[in-house]
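Engineer: Supplied in structure tokens, the structure appears directly below.
Taken together, the values in this text are just the output of simple stated rules run on the coordinates, not laboratory data. All of these numbers come straight from a predicted model, not from anything done at the bench. Positions of Cβ are backbone-derived with ideal geometry, glycine not excepted, and every protein chain shown enters the neighbour counts.
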């Protein structure tokens, strides 16, 4: 049984590679199987079998498989020598099994175990896109200098190891910039990308296909991209927003005034669709966020001279939403356990704002916090003044700090609001977009 950051090579419930005597139609057992990890993440490594049939791939499983993509089964190519697992439950002992696969069958499994324990605190990073389209990394503590990770990073995302993925300039390939600073490399080509990659905790990559409009996934385990959520341009002529949960559940919301549909596809491929009730508040979906518990948070824009933006919470599996924000200038973010919304003290309607006659107090004075169990609280905030009128999505660290960009007014730039609220800290006077914490 392993503790965090330990490494072991164990054979459990099978035969050791030296004793194995597989038939010629299947490979022998993988060798040098080891698992290492820290907290909720584990990495499995192995070497090829020393005997048996030619290996065409590997099958890796994790048990228990709760919250794991593909029901805890990864199918990897022959060249694979490692696999990564995230979203593990602290205090749970996991069993990983590796099998070599041939054209005619599967060889003997070699198993290792890992116990997920709470690791020492590790520093997360804030990634953002600057005005030159470069991906910049900031420490979430806000006390060290930023570094440029990738040029031409429009539409980037990152995995839980800090590897950064960006669409190529012609939107036909995905380029990876390793967290360790190694050379960038193309991991997939021949694609129809939009400048909006997403990722889950396992490292699977998602995007909306620019030709078919469907949501696609590139499995971290290898293989060709596949459709997760099928759409056509006839259906996406209605407003369409989407989000990816940490477990790989893809959620889409389509609709207009009066009718909104929520569709979800789980990592195992189960797809559901339900009609969402907004308690009499019509609106157009403009932004969607997800936490790690299956809860969704939807921003609706209400047309007309008022020009409202309202945030709603949608508990996991339910078809009724609850409005959780009032009329204000604000910005929202989620982490694994909560939703946070920075809100201004005052608000004015769209017509007055456009005419320049708005005198409302745009100072951001509070942070609404909604936990995964539905409980809400409010934190005081100072030092920020909201910018232009739009739907803003920001980023939040696991510790609860919220990061936001103000695009105009007296407090332009990139800011950090501490986890317990209070005075905001400016990280940069420059403009950044696409904030992302990992």
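Engineer: So what's the back-of-envelope 222 nm ellipticity for the chain, counting only DSSP H runs of four-plus at -39500 (n - 2.57) apiece and dividing by all residues, rounded to 500?
Structural biologist: Helix contribution divided over all residues of the chain: -500 deg cm²/dmol.
Engineer: Exposure proxy check: 390, 331, 131, 95 ranked by fewest other beta carbons within 10 Å?
Structural biologist: Result, fewest neighbours first: 131, 390, 95, 331.
Engineer: Oh, and also: Residue 430 to residue 353: extension gain in nm, 0.36 nm per residue of separation minus the Cα-Cα distance?
Structural biologist: Numbers: separation 77, 0.36 × 77 = 27.72 nm, distance 2.45 nm.
Result for the pair: 25.3 nm of gain on full extension.
Engineer: Give me the one-decimal Kirkwood hydrodynamic radius in Å for segment 349-438, with the sum taken over alpha-carbon pairs.
Structural biologist: Evaluated over segment 349-438, this radius sits at 14.2 Å.
Engineer: To the nearest Å, what is the center-to-center distance of segment 262-326 and segment 157-200, using C-alpha atoms only?
Structural biologist: Using only Cα atoms, the two centres lie 29 Å from each other.
Engineer: Between 273, 357, 140, where does the largest GNM mean-square fluctuation fall for the chain, given springs only between Cα atoms within less than 10 Å?
Structural biologist: Checking each option, the largest mean-square fluctuation is seen for 357.
Engineer: I would also like to ask the following. Name the most mobile residue of 391, 51, 377, meaning the one with the largest mean-square fluctuation, in a Gaussian network model of the chain with Cα contacts below 10 Å.
Structural biologist: Sorting by GNM fluctuation, first place goes to 377.
Engineer: Let me ask you something else. To the nearest µm²/s, what D does Stokes-Einstein give for segment 398-437 at 37 °C and 0.692 mPa s, using the Kirkwood radius over alpha carbon pairs as Rh? Kindly include the intermediate steps, with their values, before the conclusion.
Structural biologist: Values: Rh = 10.5 Å.
In µm²/s, the coefficient is 313.
Engineer: Given the alpha-carbon gyration tensor of segment 19-152, what are the semi-axes of its equivalent ellipsoid in whole angstrom, ordered largest first, with each equal to the square root of 5 times an eigenvalue?
Structural biologist: Listed largest to smallest, the semi-axes of segment 19-152 are 37, 19, 12 Å.
Engineer: Which value does Rg/Rh take for segment 153-237 over its C-alpha atoms, Rh per Kirkwood?
Structural biologist: Numbers: Rg = 12.6 Å, Rh = 13.0 Å.
Result: Rg/Rh = 0.97.
Engineer: Under the 0.36 nm per residue contour assumption, what length would be gained going from the current alpha-carbon distance of residue 189 and residue 210 to full extension?
Structural biologist: 6.1 nm
Engineer: Can you figure out the FRET efficiency of residue 56 with residue 173, using R₀ = 35 Å and their beta-carbon distance, to the nearest 0.05?
Structural biologist: Computed FRET efficiency for residue 56 and residue 173 comes out at 0.85.
Engineer: How much length would be gained if the chain were fully extended between residue 322 and residue 118, taking 0.36 nm per residue of separation minus their Cα-Cα distance, in nm to one decimal?
Structural biologist: Gain on stretching residue 322 to residue 118: 70.0 nm.
Engineer: Moving to a separate point now. May I ask you to sort 207, 242 by Cβ crowding, counting other Cβ atoms within 10 Å and putting the fewest first? Working shown, then result.
Structural biologist: Details: 207 26, 242 22.
The most exposed by this proxy come first: 242, 207.
Engineer: Another question, then. Reported to two decimal places, what Rg/Rh ratio describes the chain when computed on Cα atoms with Rh from the Kirkwood expression?
Structural biologist: 1.01
Engineer: Sticking with this one: Between 270, 172, 260, find the one with the highest GNM mean-square fluctuation for the chain; connect C-alpha pairs within less than 10 Å.
Structural biologist: Looking only at 270, 172, 260, the biggest GNM fluctuation is shown by 270.
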